[in-house]
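Below is one structure, written out as structure tokens; the observations come after it.
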Amino acid sequence: MKKFWAWGALAIGLLYFILPLMGMTNFSLKMRRGVYSLDAYAVVLGDPRFQETFTYSVVMALFTILFGVLLVVPTAYWVRLKLPALRPYIEFVTLLPLVIPAIVIVFGYIRLYNTSSWLPLTGSITGTNILLMFGYATLALPYMYRAVDTGLRSIDIATLTEAAQSLGAGWTTILFRIILPNVLVAVLSGAFLTFAIVIGEFTMAALLNRPAFGPYMQLLGANRAYEPAALAVIAFAITWGCLGLIQLVSRFQKGTQSPV
Amino acid sequence: MSFLTLSSIQKSFGPVQVVKDFNMSIEKGEFVSFLGPSGCGKTTVLRMIAGFETPSGGAIAIDGKSQMNLRPNQRNIGMVFQAYALFPNMNVAENVAFGLKVAGRPKAEIDARVKEMLGLIKLDHLADRYPYQMSGGQQQRVALARALAPKPQVLLLDEPLSALDAKIRVSLREEIRMIQQQLGITTVFVTHDQEEALSISDRIVVMNAGKADQIGTPAEIYNRPATRFVAGFVGTLNLIEAKVVDPAANRVSIGDQGVTLREPLGTVKAGDMVSLALRPEAGSIAPDAKGDTALSGAVVSTNFLGSVIRTRMKVGDSIISFDMFNSPGLVPPAVGETVTLRFTAGDLLVISD
Ligand SMILES: Nc1ncnc2c1ncn2[C@@H]1O[C@H](COP(=O)(O)OP(=O)(O)O)[C@@H](O)[C@H]1O
Ligand SMILES: [Mg+2]
């Protein structure tokens with residue numbers, strides 16, 4: 001009886017997630033009347049604005065990942081090594097983006113960095129891009145920090161640091177030759193999550209008026225019928241691809257697990 | 001002129017003084033062990049030499065050069081940790097090469113040195129292995145090679161054998177000693193295992209609650225413990241409480257049996273209590289011995305330890321244990337039986353405290 005309920009719950013859950021997905025996929029294939037076709041996909045992929053916005057978001061995602069790694073790895077490392085008492089507070093701060101809506105953050109940015117402020121980042125395209133990257137990094141922070149912190153827990157960073165120091169290494173060498181390589185799997189999972197977040201993000205990009213993939217999806221959805229469905233399926237595929245890559249790198253990690 | 005000098009080193013963590021006025025001069029090429037129970041401050045002293053802790057007072061110098069204002073990575077010191085601490089992302093050769101790479105040595109020199117080091121620890125065939133693919137003993141040998149590769153002035157080892165099984169512990173300590181002598185490197189070895197310290201050191205520092213109780217060669221430490229603590233910690237020395245009978249004649253009584261010591265008793269008067277030490281291997285059973293250099297008592301227990309049989313007997317308020325070499329014909333005394341132990345007057349040492 002227990003088993004029946006368990007299977008029942010699973011079935012309902014699957015229906016809840018899969019039915020809309022199937023419906024959407026089905027719909028996206030019906031652009032040509034009466035037959036299944038990939039016309040909607042062809043239209044979407046052939047749209048120069050799709051190519052532009054998608055490229056923009058991919059580049060932004062890469063910069064966000066780079067910035068996030070350079071921010072989070074040294075911070076998490078230093079906190080674990082020298083300020084372990086501060087860990088709960090740091091963890092709390094990194095979780096804040098989950099409870100503060102993106103729209104609040106972006107309005108804060110616009111107020112602080114508008115053209116008449118002391119640092120008018122929104123006054124130039126590069127400045128706005130940088131601001132958007134900071135915003136993305138903030139949104140990704142909870143995931144990135146957790147991933148890296150968990151990765152650091154699996155190695156004895158205090159002893160490894162001292163071993164490296166006694167061999168003459170300075171902080172940069174320790175970070176890039178010892179710490180980063182040993183949490184690479186964790187960093188990669190954080191990176192793929194960041195990628196998925198940036199590709200789908202709408203609020204910040206829209207309000208900062210940057211040509212990102214999220215606002216493009218919204219625009220297309222408001223004006224077309226079949227293409228948005230195709231686009232949604234593509235976005236889904238990207239996200240799931242990222243999750244699959246996380247699984248893959250965790251499975252193929254080598255040498256990072258010491259038995260001690 | 002000694003090579004590594006620690007002068008009046010002190011260290012406090014908050015209100016707790018962990019190292020108190022620690023003095024030590026180590027000669028070039030010498031192998032010195034810090035021996036003491038857990039928590040007595042051995043690691044803290046070692047970490048101050050390496051630069052990981054800053055002394056609250058005192059001075060550290062290597063080859064006449066003060067180390068006080070040098071960061072750990074500016075000191076020329078090799079360190080081996082109990083937990084091996086090999087870099088998990090690097091294979092054996094890369095681990096050994098790390099210090100040389102950091103120092104910016106040319107590639108040809110690094111390759112040659114790595115090869116030499118792997119030959120020294122006899123692990124040439126495992127150069128491509130990663131740490132997680134090796135046993136503890138192999139990892140610790142790699143850690144030793146990694147520490148030695150940049151030719152440090154001083155090698156520090158913090159209980160490097162504690163995590164290994166008994167057999168490997170013995171063979172690796174001999175290997176460490178051999179490599180140390182071969183290279184002539186000044187070495188400080190921390191351990192809580194007295195047998196380990198006795199077997200491989202030139203000199204031993206017995207540490208007790210943050211200070212050095214006694215510094216001496218293994219034989220001096222074992223045969224002539226300076227304090228009750230050293231006597232109790234090193235070896236399985238018997239500590240016997242005795243009452244002074246005649247200070248001028250060096251006569252004391254243990255329980256109701258009188259003995260005469262060879263050593264002067266010092267400034268005591270009749271009726272005072274003194275502590276004596278007797279090594280378990282010093283005496284032998286002699287049924288008809290009597291007088292000044294024999295003690296009789298009832299057997300409390302006998303333990304078969306392989307090459308020796310250890311018997312404990314009660315004399316007065318003290319328990320005295322003594323060892324007999326095992327031989328096929330030997331019948332150990334039964335519990336409750338009265339036996340007489342004969343020794344020479346010089347075997348009974350006076351512990352000053
Ligand atoms: N960083 C530290 N902070 C506070 N107390 C410490 C610290 N390091 C060591 N101690 C204390 O100092 C004493 C000596 O420690 P340690 O040098 O590690 O002893 P040993 O190596 O002889 O076992 C212990 O009581 C330990 O708790
Ligand atoms: Mg210790």
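The values are calculated or read from the model by the stated rules, or taken from the named source; none is laboratory data. Nothing here was measured: the structure is a model prediction, and the numbers come from that model. Note that each Cβ is placed from the backbone with ideal geometry, even for glycine, and that neighbours are counted across all protein chains shown. Surface areas here come from the heavy atoms of the whole protein model, side chains and all, with no ligands, DNA or RNA. Shrake-Rupley method; radii C 1.70, N 1.55, O 1.52, S 1.80 Å.
Of note:
- Carbon and sulfur %, accessible surface of the protein assembly as shown computed with the full protein complex present, 1.4 Å: 61
- Residues considered: B:Thr191, B:Thr302, B:Thr227. Largest GNM mean-square fluctuation over chain B, using C-alpha springs under 10 Å, is found at B:Thr302.
- Where a label projected 7 Å from the Cα of A:Ala225 along Cα→Cβ would reach, residues of segment A:33-58 with amide N under 12 Å: A:33-34
- Comparing mean-square fluctuations of A:Met60, A:Met22, A:Met144 from a GNM of chain A with C-alpha springs under 10 Å, the top value falls on A:Met22.
- With respect to chain B, whose longest principal axis is taken over its alpha-carbon atoms, helix B:107-120 is tilted by about 20°.
- Per-residue ellipticity at 222 nm, computed for the protein assembly as shown from helices alone with -39500 (n - 2.57) per DSSP H run of at least four residues, works out to -14500 deg cm²/dmol.
- For a straight C-alpha distance cut-off of 16 angstrom, the lysines reachable from B:Lys107 (same-chain residues fewer than eight places away being disregarded) are B:Lys115.
- Intensity falloff of the protein assembly as shown expressed as log10 I(q)/I(0), Debye formula with alpha-carbon point scatterers, at q = 0.09, 0.11, 0.12 Å⁻¹: -0.90, -1.10, -1.20
- Folded to 0 to 90 degrees: helix B:136-148 orientation relative to chain B principal axis, Cα: 60
- Modelled spin labels at A:Phe92 and A:Arg251, positioned 7 Å past Cα toward Cβ, are 4.1 nm from each other.
- Projected onto planes of every orientation and averaged, the convex hull of the alpha-carbon atoms in segment B:271-322 covers 4.5 nm².
- For B:Lys101, the aspartates and glutamates whose Cα falls under 20 Å of its own Cα, not counting residues fewer than eight places away in the same chain, are A:Glu162, B:Glu109, B:Asp111, B:Glu116, B:Asp124, B:Asp128.
- Restricted to Cα atoms, chain A shows a radius of gyration and a Dmax of 22.1, 74 angstrom.
- Kirkwood estimate for segment B:4-233, i.e. one over the average of 1/r between Cα atoms, Å: 18.1
- Averaging 1/r over every pair of different alpha carbons in segment B:207-353 and inverting the result gives a Kirkwood radius of 16.0 Å.
- Kirkwood hydrodynamic radius over Cα pairs of segment A:145-260, then Stokes diffusion coefficient at 4 °C and 1.567 mPa s, in µm²/s: 76
- Using the Cβ-Cβ distance between A:Leu184 and B:Ser7 with R0 set to 35 Å, the FRET efficiency works out to roughly 0.15.
- Cross-link pairs B:Lys28/B:Lys211; B:Lys167/B:Lys211; B:Lys65/B:Lys167; B:Lys20/B:Lys243 - those with Cα-Cα distance over 29 Å: B:Lys167/B:Lys211; B:Lys65/B:Lys167; B:Lys20/B:Lys243
- Bridgeable aspartates and glutamates around B:Lys122 (alpha carbons under 13 Å apart, same-chain partners fewer than 8 residues away excluded): B:Glu175.
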